[in-house]
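The values are calculated or read from the model by the stated rules, or taken from the named source; none is laboratory data. Every value quoted in this text rests on a predicted model; they were computed, and no experiment measured them. Positions of Cβ are backbone-derived with ideal geometry, glycine not excepted, and every protein chain shown enters the neighbour counts. Surface accessibility is based on the protein's heavy atoms, side chains included, excluding ligands, DNA and RNA. Shrake-Rupley method; radii C 1.70, N 1.55, O 1.52, S 1.80 Å.
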Amino acid sequence: SAVISQKPSRDICQRGTSLTIQCQVDSQVTMMFWYRQQPGQSLTLIATANQGSEATYESGFVIDKFPISRPNLTFSTLTVSNMSPEDSSIYLCSVERGGLMETQYFGPGTRLLVL
Amino acid sequence: AQTVTQSQPEMSVQEAETVTLSCTYDTSENNYYLFWYKQPPSRQMILVIRQEAYKQQNATENRFSVNFQKAAKSFSLKISDSQLGDTAMYFCAFMNTNSGYALNFGKGTSLLVTP
């Protein structure tokens, strides 16, 4: 499995502000993914972050609200912009590993509360 | 679109007993992957087991095994010799690699292992 870290682990933010979440992997991976887990809910994919190209967003998620960077093969950021209380969630990054593109390992998550 | 259904919101089992968590899915694809993930309280998602749809043999990982019934589109998880540390939220997930590597998650089953 991969060693994946996320920063910050949790944060409390005011509405209208933005927060950038970092995801760092201990080795190079081709694909990184960002998921959202709203309180008491399952996980929903926000976007796929590929190095050297624009992120691919799922239906219901847009780049202006969730800009993503992928500067290299071990790092990605997700920004939650112009936050509202509805953005209060756990945000998780995941990576494929070991050539098994279809198997994803998750980071510890970032717990976000928007007041 | 693929859907994943977990019909048991909550389950409990006594330590050392066996428990089976249900999962059904809907897809028109023939090649796909199925997963069970575990999310302990306030902790990260952990991959428990994976199953390739093209394999008839059911996957096994130590005390965890699956009963994969492709025709019935069923993918249940059996936990043998349950331990207190198995207490967690369990998510069933589906991936169709023909449409990317997004994981589609069920709503989860909360499992409580009691002494």
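So which strands (runs of 3 or more DSSP E) are wholly in the stretch A:73-113 and hold at least 1 residues that are open to solvent by less than 10 Å² (accessible area, probe 1.4 Å) and modelled with pLDDT under 95?
A:89-97, A:100-106
When the residues of the stretch A:21-40 are filtered to those that are in a loop (DSSP other than H, G, I, E, B) and either away from chain B (no Cβ under 12 Å) or crowded, with 16+ Cβ neighbours inside 10 Å (or both), which remaining residue is modelled with the highest pLDDT?
Per the criteria, the residue is A:Asp26.
Which numbered condition trips up B:Ser42, out of (1) of a type in the set (Gly, Ala, Ser); (2) surrounded by fewer than 17 Cβ atoms within 10 Å (Cβ to Cβ); (3) at pLDDT 95 or above?
So B:Ser42 meets the others, but not (3).
Tell me which residues, restricted to the stretch B:73-115, are open to solvent by 70 Å² or more (accessible area, probe 1.4 Å) and in contact (Cβ under 8 Å) with a residue 40 or more places away in the chain.
B:Lys78, B:Asp81, B:Gln83, B:Leu84, B:Asn98, B:Lys107, B:Leu112, B:Pro115
Please list, ordered by first then second residue, the pairs with beta carbon atoms under 7 Å, 6 or more apart or interchain, first in the stretch B:40-51 and more than 11 Å from every other protein chain (Cβ to nearest Cβ), second open to solvent by 40 Å² or more (accessible area, probe 1.4 Å).
Filtered contacts from the stretch B:40-51: B:Val48/B:Glu61.
Among the numbered criteria (1) within 14 Å of chain A (Cβ to nearest Cβ); (2) within 16 Å of B:Thr20 (Cβ to Cβ), which one does B:Leu77 miss?
It is condition (1) that B:Leu77 fails.
For the stretch A:41-72, give me each residue that is open to solvent by 40 Å² or more (accessible area, probe 1.4 Å), hydrophobic (A, V, I, L, M, F, W, C) and in contact with a Phe, Trp or Tyr (Cβ under 8 Å, 6 or more places away or on another chain).
A:Ile63 - this is the single residue of the stretch A:41-72 that is open to solvent by 40 Å² or more (accessible area, probe 1.4 Å), hydrophobic (A, V, I, L, M, F, W, C) and in contact with a Phe, Trp or Tyr (Cβ under 8 Å, 6 or more places away or on another chain).
Can you tell me which residue is surrounded by the fewest Cβ atoms within 10 Å (Cβ to Cβ) among those in the stretch A:1-20 that are closer than 21 Å to A:Arg97 by Cα and out of contact with any Asp or Glu (no Cβ under 7 Å at 6 or more places or on another chain)?
So, considering only residues that are closer than 21 Å to A:Arg97 by Cα and out of contact with any Asp or Glu (no Cβ under 7 Å at 6 or more places or on another chain), the one surrounded by the fewest Cβ atoms within 10 Å (Cβ to Cβ) is A:Ser1.
Specify which of the listed residues (A:Ile68, A:Ile46) is more than 14 Å from every other protein chain (Cβ to nearest Cβ), within 23 Å of B:Ser99 (Cβ to Cβ) and not basic (Lys, Arg).
Of the residues listed, the single one that is more than 14 Å from every other protein chain (Cβ to nearest Cβ), within 23 Å of B:Ser99 (Cβ to Cβ) and not basic (Lys, Arg) is A:Ile68.
Assess whether B:Tyr25 counts as being open to solvent by 20 Å² or more (accessible area, probe 1.4 Å) and aromatic (Phe, Trp, Tyr).
no
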